[in-house]
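Contents: one structure, followed by commentary.
The values are calculated or read from the model by the stated rules, or taken from the named source; none is laboratory data. These figures come from a predicted structure and were not determined experimentally. Don't worry about glycine lacking a Cβ; one is built from the backbone with ideal geometry, like all the others, and counts go over all protein chains shown.
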Amino acid sequence: MNRQNWKPGNMLYPVPAVMVGCSRLNEKPNIITIAWAGTICSSPPMLSISIRPERYSYDIIKDTGEFTVNLVTPELTKAADFCGVRSGRQVDKFELMNLTPTHSQFIQAPGIAESPVILECKVKQIIRLGSHDLFMAEVVNVSVKASQIDEQGKFHLNQMGLVAYSHGQYFSLGKKLGKFGYSVQKKEKLRSNRNREDAGRSSKHEDGQGQKGKTKRPKPKCPGRG
Ligand SMILES: Cc1cc2nc3c(=O)[nH]c(=O)nc-3n(C[C@H](O)[C@H](O)[C@H](O)COP(=O)(O)O)c2cc1C
């Protein structure tokens, strides 16, 4: 097969493009758009974001040890792009983008009210890598927009067209291709699941696993148990 070898670079795409909220005492809240973000642990729930030290947000997050990760929908994409090309040193991004800072439950850093999912994060470790520092953080709260939860308690995360970043462009999550474990599912079960989904009686949670155990705070389950 005819292939080319290119010099090493970042070609792990698509990745999520998220809006990260942060704030320091007596300063306006700020948002930095981050594409170098990922889930790094299931229990405790942890994620990472990589930030260049020259960013205005870098010192704020380093000093406070807190930030929020706000998932981006198509309606928020323009604001996400703006927050990724303008610095909080010069502008008030919340104000200019008509975004509403919300109080978080467990940290001081603000969330973005317009985002359907806000993850409140506490920094556990910072690792110097090179151009970027890796901030590893624990997710201490997940706040979801109640208006996105239907009468059956199902949170329609995959219907929101969440935004991904790939090779310099933004995309909205589209066609469903399968679900976790579908490659090994028995044909019979697949058919009955499809019928159930058609009848609008699919399980409460999107990975079809339901909620295990009793938790004080409702926890929308996410696919993938890696
Ligand atoms: C789609 C997109 C993704 C970005 N990803 C990152 C990233 O992962 N890490 C980073 O340090 N900067 C990233 N940036 C750049 C910062 O968001 C940008 O420099 C921003 O203006 C910094 O804001 P601040 O100075 O207010 O902190 C990204 C920008 C865009 C548009």
For the stretch 28-71, name all the residues that are free of Cβ contacts under 8 Å to residues at least 60 places away in the same chain and assigned to a loop (DSSP other than H, G, I, E, B). Ser43, Glu54, Arg55, Gly65
Hey, does the stretch 72-81 have a residue that's within 11 Å of the ligand (Cβ to nearest atom), assigned to a strand (DSSP E or B) and charged (D, E, K, R)? no
Only one residue in Ala17, Ala79 is buried (at least 20 other Cβ atoms within 10 Å of the Cβ), small (Gly, Ala, Ser) and in contact with a Leu (Cβ under 7 Å, 6 or more places away or on another chain), so which one is that? Ala79
Filter the stretch 59-71 for residues that are surrounded by 15 or more Cβ atoms within 10 Å (Cβ to Cβ) and within 12 Å of the ligand (Cβ to nearest atom); the one that is farthest from Thr33 (Cα to Cα) is Lys62
Restricting attention to the stretch 83-142, which residues are aliphatic (A, V, I, L, M), more than 28 Å from Gln159 (Cβ to Cβ) and outside any loop (DSSP other than H, G, I, E, B)? Leu96, Val123, Ile126, Ile127, Leu134, Met136
Suppose we filter the stretch 84-98 for residues that are near the ligand (Cβ under 6 Å from one of its atoms) and touching a Leu at 6+ places or on another chain (Cβ under 9 Å); how many remain? 1
Check the stretch 91-111 and report whether any residue there is modelled with pLDDT of 95 or more, under 14 Å from Pro16 (Cβ atoms), surrounded by 14 or more Cβ atoms within 10 Å (Cβ to Cβ) and of a type in the set (Ser, Thr, Tyr). no
